[in-house]
1. Restricting attention to segment 70-94, report how many residues are within 22 Å of G120 (Cα to Cα) and under 14 Å from the mean Cα position of the chain (by Cα).
2. For segment 102-121, what are the residues that are of a type in the set (K, R), at pLDDT below 85 and surrounded by fewer than 16 Cβ atoms within 10 Å (Cβ to Cβ)?
3. Given (1) touching a residue at least 40 places away in the same chain (Cβ under 8 Å); (2) buried (at least 17 other Cβ atoms within 10 Å of the Cβ), where does W314 come up short, assuming only one miss?
4. Tally the residues that are outside any strand (DSSP E or B), modelled with pLDDT of 95 or more and buried (at least 22 other Cβ atoms within 10 Å of the Cβ), restricting the search to segment 23-57.
5. Condition (residue is under 23 Å from E317 (Cα atoms) and in contact with a strand residue (DSSP E or B) (Cβ under 9 Å, 6 or more places away or on another chain)) applied to segment 199-219: is it met by at least one residue?
6. What number of residues within segment 184-222 satisfy the criterion of being aliphatic (A, V, I, L, M), within 19 Å of the chain's Cα centre (by Cα) and within 22 Å of G103 (Cα to Cα)?
7. Please find, within segment 256-270, the residue that is farthest from L297 (Cα to Cα) out of those that are of a type outside the set (S, T, N, Q) and surrounded by fewer than 18 Cβ atoms within 10 Å (Cβ to Cβ).
8. Given the conditions (1) more than 17 Å from L339 (Cβ to Cβ); (2) at pLDDT below 90; (3) not β-branched (V, I, T), report the number of the one that A270 does not fulfil.
Amino acid sequence: MARATADGAAGGDGPGAAVPDAVAPMLAVDGRPPTGAAWAYEWKWDGYRCCLRVAADGTTRLTSRNGNDLTPTYPELAQAGEGPLAGRSAVLDGEIVALGPDGGPDFGRLQRRHQRRHPGRALLAEIPVVFFAFDLLLLDDERLLDHPYRRRRTALEALPADPAGRIAVPPAQLGADADPERLLRVAERHGLEGLVAKRLDSPYQPGRRSPRWVKTPLVRTVEVVVGGWQAGAGRRDGTVGSLLVGAHDEDGRLRYVGHVGSGFSEAVLADLDVRLAGLSRDHSPFVDGVPGPRARLAHWVAPTLVGEVAFRAWTREGRLRQPSWRGLRPDRDPAHARLPSRPR
């Protein structure tokens, strides 16, 4: 398994392996989309970030944002080296996406698919995935990291189309003629996650969160760490009723940010029951106090599961207002689930 590092390098796949090293992903800052001729705009897709690496002999590896090997989980993408990239070595940055019946990204379907490390034929047929490539970092042994975004984008779009549909290059809008506010309205209309603005002169900065990339999500979300749970009642009797979640402060301490009791399907609850059963501990992992009624009924767990929560706002007490569970994020490191510098 290759593990990406902050400087962009990663361990290979064995002595003499022909598969290129993984590259740690460049990350965007939050903000309203900048305007002007210096920027390009891409849709923000609701999926799992992935580094796709192809060797000249067709061997393909998929590496998650936190360096885990996703190759067995998405075997159809592991055949990418047999298509338009046949005979070439390449490293692509992109997103693994499952599409719903309406043709838009469906994160819930992707969650179901991701639960199986080695999916069977039925699941592969029921929930196919696509790799949406939005950056080209290496081609035919030429490293492109220091090249400007505009040049990398041109090289990416010049790749042959994949007739099997395993790899797709989503469109980008470049220059002063693009209207980011209009593009955000289009994204909302089609159920997309938002917009990412990228400077045309931006190099690729592995492992860095750079203001040269600005993301504007339509749904406000935060990554949280599960520190406990409460049993459900009624139709949820015998399973999870709510999750007690937190995020790390600037000193790395896990702070309680609230409980999440909505957004769970029956399949998600069943999966959580299994995962939480093996994480039990006898005391709270949060450094601050959990409100009495929550603490008295809590089942505490080791803080290893990362999830994504949609919410309306932060309260003055630093709690999530109207949170709703979106799903586990096994591609995230718990230490990277952090509070904003000033929750609001």
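1. Within segment 70-94, residues that are within 22 Å of G120 (Cα to Cα) and under 14 Å from the mean Cα position of the chain (by Cα) number 1.
2. Once the filter is applied, which keeps residues that are of a type in the set (K, R), at pLDDT below 85 and surrounded by fewer than 16 Cβ atoms within 10 Å (Cβ to Cβ), segment 102-121 yields only R116.
3. For W314, the failing item is (1).
4. Count: 4.
5. Yes, because at least one residue in segment 199-219 is under 23 Å from E317 (Cα atoms) and in contact with a strand residue (DSSP E or B) (Cβ under 9 Å, 6 or more places away or on another chain).
6. Number of matching residues: 6.
7. My answer is A267.
8. Condition (2) is where A270 drops out.
The values are calculated or read from the model by the stated rules, or taken from the named source; none is laboratory data. All of these numbers come straight from a predicted model, not from anything done at the bench. We place every Cβ from the backbone using ideal geometry, glycine too, and count neighbours over all the protein chains shown.
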